[in-house]
Amino acid sequence: MISLTSPDERLQSQSALYGILNSVPHPTIVEMIATAGYDFVLLDLEHLPHNETLLSHCIQLGQLKGCIPLVRITVDDIPRAGRILDMGAHGIVLARTESAQQVSALRDAMFFPPLGTRGITGGSVTGFGTMPLGDYIGHVNEKLWLVPMIETVPGIDAIDEILRIPQVTLVMEGALDLAMNMQLGPQPSHPDVEMHIRLLASRCIAAGKRFCANPRTPQQQQFWRSQGIDCWLCGEDRGFLFRTLKQHLTDFVSPHP
């Protein structure tokens, strides 16, 4: 049976939420992330192939281990949102969000009437019928995470309209794609990119919505802490795994005296 937790509820017992992008799609990696203590895991369908059985196993392991499973999709995959949530995902992250219309379409696909148009099923999400459907609908409509990920200038330009949609839970940033969109190349820490990301965060805070920071330097991390940010995307697992494996081999090949 699905048991959803909102950011506000999770933050009642801790000072911040920490998540990581899962770019190595395997249940064992998700289990490691959850066991390491991350609060949420972002399972990526934007850039990675993910068959439904594998995705379902990753979602279930995250949920069972107390790590909130979110799934990142593209605009083209919005019609799949209900099916993904039926697997037990706690929310959807919409990559490259650029308009309130896109977010409204995602809301309709994620939530049951009267908030949306999602069709209903039973199965494991209702404990195979042990949770009454009315209770399940209310639970889902109150606590699902709807997360626009802003990665382009049009997305930043549309942020105020996006934030007026009540079901938006928090907003994530994609500085690398933003830099590319701004014709700056792969420079996510470029001053102009940082200026746009800070503007994005300020609009979220003014609207009373959480901004999820994804710092790439110690200076960025220090800045966001000074702003009272309490939701963090801590990079992606693929890079960490590679660097750790490479360093481990280096330590063996060239041991310290």
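The values are calculated or read from the model by the stated rules, or taken from the named source; none is laboratory data. As the structure is a computational prediction, the values presented were derived from the model and not from experiment. Methodologically, a virtual Cβ is constructed for each residue, glycine included, from the backbone with ideal geometry; neighbour enumeration extends over all protein chains shown. Note: areas computed on protein heavy atoms with side chains; ligands, DNA, RNA excluded. Shrake-Rupley method; radii C 1.70, N 1.55, O 1.52, S 1.80 Å.
Is it the case that region 12-31 has a residue that's assigned to a helix (DSSP H, G or I), open to solvent by 40 Å² or more (accessible area, probe 1.4 Å) and over 28 Å from Ile120 (Cβ atoms)? Explain how you work it out, then say what you get.
First, pick out the residues of region 12-31 that are assigned to a helix (DSSP H, G or I): 27-31.
Filter once more, keeping what is open to solvent by 40 Å² or more (accessible area, probe 1.4 Å): 28, 31.
Now narrow it down to the ones that are over 28 Å from Ile120 (Cβ atoms): 28, 31.
Yes, the conditions are met somewhere in region 12-31.
Exactly one residue out of Glu161, Glu151, Glu142 is surrounded by 18 or more Cβ atoms within 10 Å (Cβ to Cβ), at pLDDT 95 or above and acidic (Asp, Glu): that is Glu151. Give me a count of the residues in region 187-201 that are out of contact with any helix residue (DSSP H, G or I) (no Cβ under 6 Å at 6 or more places or on another chain), open to solvent by 80 Å² or more (accessible area, probe 1.4 Å) and not basic (Lys, Arg). Final tally of qualifying residues: 3.
Rundown of residues vs (1) within 30 Å of Arg10 (Cβ to Cβ); (2) under 20 Å from the mean Cα position of the chain (by Cα), yes/no style:
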{"site": "Asp177", "(1), (2)": "yes, yes"}
{"site": "Asn181", "(1), (2)": "no, no"}
{"site": "Cys212", "(1), (2)": "yes, yes"}
{"site": "Ser226", "(1), (2)": "yes, no"}
{"site": "Phe240", "(1), (2)": "yes, yes"}
{"site": "Thr250", "(1), (2)": "no, no"}
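The C-beta contact set for region 234-248 (first residue within 13 Å of Met32 (Cα to Cα), second residue at pLDDT 95 or above and open to solvent by 80 Å² or more (accessible area, probe 1.4 Å), distance under 9 angstrom, 6+ apart or interchain) comprises Asp237/Met32. In summary, His139 fulfils each of the numbered conditions (1) over 14 Å from Leu4 (Cα atoms); (2) of a type outside the set (D, E, K, R); (3) not in a loop (DSSP other than H, G, I, E, B) with the single exception of condition (1).
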